[in-house]
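Participant: What follows is a single structure, and I will ask about it in a moment.
The values are calculated or read from the model by the stated rules, or taken from the named source; none is laboratory data. On a predicted model such as this, the values are computed, not experimentally measured, just so you know. Neighbour counts are summed over all protein chains in view; Cβ atoms, including those assigned to glycine, are modelled from backbone coordinates with ideal geometry. Surface accessibility is based on the protein's heavy atoms, side chains included, excluding ligands, DNA and RNA. Shrake-Rupley method; radii C 1.70, N 1.55, O 1.52, S 1.80 Å.
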Amino acid sequence: MQVRQRGFPVGRSRRVGGRNALVVVYLLALTGALTAACGGPFPRDTDGSLDRITGGVLRVGVSENPPWTEVYDDGRVAGREVDLVRGFATEHGADVEWIPGAESELVMAMVRGDLDVVVGGLTSDTPWESEAAVTRPYADEVTPDGDTEQMVMATPLGENALLVALETYLAGTGEAS
């Protein structure tokens with residue numbers, strides 16, 4: 001009777017060599033080269049939005065949708081999402097520039113690179129997913145007819161560090177109802 005340990009007979013060595021060893025070395029070298037070529041931390045922003053915002057200005061498109069967002073004639077803004085965005089900006093040492101408008105106009109402005117975030121009571125079934133990256137739902141809202149909507153915010157496509165930072169902030173607010 002032969003004693004086995006981890007599926008290999010005791011006293012026999014398992015030799016890795018020849019072609020298998022070369023494949024392993026090649027794959028390790030390729031993985032290292034690809035990681036180095038990516039040039040830094042993940043996630044990254046293609047346009048450097050989070051770096052620009054930190055200590056700078058967060059440009060936010062806001063469409064009126066109470067109680068999430070309210071836009072007054074004198075330019076003031078208020079609402080649950082306005083408070084959340086202000087908190088996020090404060091966490092990053094940024095001032096907020098509010099740009100009011102219709103949701104469709106704001107999303108197109110974000111596509112052009114003129115805005116960093118769009119808020120206005122957007123829900124997870126937003127029609128803008130092909131033009132904007134939406135956060136994970138951060139709050140549930142029960143509608144008057146008893147349905148539940150999941151609330152999201154929008155950021156530019158490819159600005160992954162900004163998206164992750166915003167999602168992390170939203171997750172830490174306890175906003176989810």
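Participant: Among the numbered conditions (1) touching a helix residue (DSSP H, G or I) at 6+ places or on another chain (Cβ under 9 Å); (2) modelled with pLDDT of 95 or more; (3) small (Gly, Ala, Ser), tell me where residue 79 comes up short.
Facilitator: (1)
Participant: Also, quick follow-up: Scan region 115-160 residue by residue and report those that are at pLDDT below 90 and crowded, with 19+ Cβ neighbours inside 10 Å.
Facilitator: Result: 159, single match.
Participant: A further question on this structure: Could we say that residue 90 is polar (S, T, N, Q) and free of Cβ contacts under 8 Å to residues at least 12 places away in the same chain here? Steps first, answer last, please.
Facilitator: Working: polar (S, T, N, Q): yes; free of Cβ contacts under 8 Å to residues at least 12 places away in the same chain: yes.
Considered against the rule, which asks whether it is polar (S, T, N, Q) and free of Cβ contacts under 8 Å to residues at least 12 places away in the same chain, residue 90 comes out as yes.
Participant: Continuing with the same structure: Out of all the residues in region 59-116, which are over 17 Å from residue 156 (Cα atoms) and either hydroxyl-bearing (Ser, Thr, Tyr) or touching a Lys or Arg at 6+ places or on another chain (Cβ under 7 Å) (or both)?
Facilitator: 67, 68, 69, 72, 90
Participant: Oh, and also: So which residues in region 157-173 are of a type in the set (A, V, I, L, M), in contact with an Asp or Glu (Cβ under 8 Å, 6 or more places away or on another chain) and in a helix (DSSP H, G or I)? It would help to see each step written out before you state the result.
Facilitator: Of region 157-173, the ones of a type in the set (A, V, I, L, M) are 157, 161-166, 170-171.
Pick out the ones that are also in contact with an Asp or Glu (Cβ under 8 Å, 6 or more places away or on another chain) and you get 157, 161-162.
161, 162 - these are the residues of region 157-173 that are of a type in the set (A, V, I, L, M), in contact with an Asp or Glu (Cβ under 8 Å, 6 or more places away or on another chain) and in a helix (DSSP H, G or I).
Participant: Being farther than 10 Å from residue 60 by Cβ and buried (at least 23 other Cβ atoms within 10 Å of the Cβ) is the filter here, so list the residues in region 81-109 that pass it.
Facilitator: 107
Participant: Another question about this same structure. Just wondering, is there one or more residues in region 94-102 that are closer than 22 Å to residue 169 by Cβ, more than 16 Å from the chain's Cα centre (by Cα) and among the β-branched types (Val, Ile, Thr)? Reasoning before the result, please.
Facilitator: Keep residues of region 94-102 that are closer than 22 Å to residue 169 by Cβ, which gives 94-99.
Still in the list and also more than 16 Å from the chain's Cα centre (by Cα): 94-99.
If we keep only those that are among the β-branched types (Val, Ile, Thr) too, we end up with 96, 99.
Taking every residue of region 94-102 in turn, at least one turns out to be closer than 22 Å to residue 169 by Cβ, more than 16 Å from the chain's Cα centre (by Cα) and among the β-branched types (Val, Ile, Thr).
Participant: Since residue 61 meets every condition but one in (1) part of a helix (DSSP H, G or I); (2) at pLDDT 95 or above, which condition does it not meet?
Facilitator: Result: residue 61 fails condition (1) only.
Participant: For residue 67, are the conditions met, namely being part of a loop (DSSP other than H, G, I, E, B), open to solvent by 60 Å² or more (accessible area, probe 1.4 Å) and under 18 Å from residue 166 (Cβ atoms)? Write out each step before concluding.
Facilitator: Numbers: part of a loop (DSSP other than H, G, I, E, B): yes; open to solvent by 60 Å² or more (accessible area, probe 1.4 Å): yes; under 18 Å from residue 166 (Cβ atoms): no.
No; evaluated as a whole, the condition is false for this residue.
Participant: A further question on this structure: Among the candidates 142, 152, single out the residue that is closer than 24 Å to residue 113 by Cβ and in contact with a strand residue (DSSP E or B) (Cβ under 8 Å, 6 or more places away or on another chain).
Facilitator: Numbers: 142 fails: closer than 24 Å to residue 113 by Cβ.
After ruling out the rest, the residue left standing is 152.
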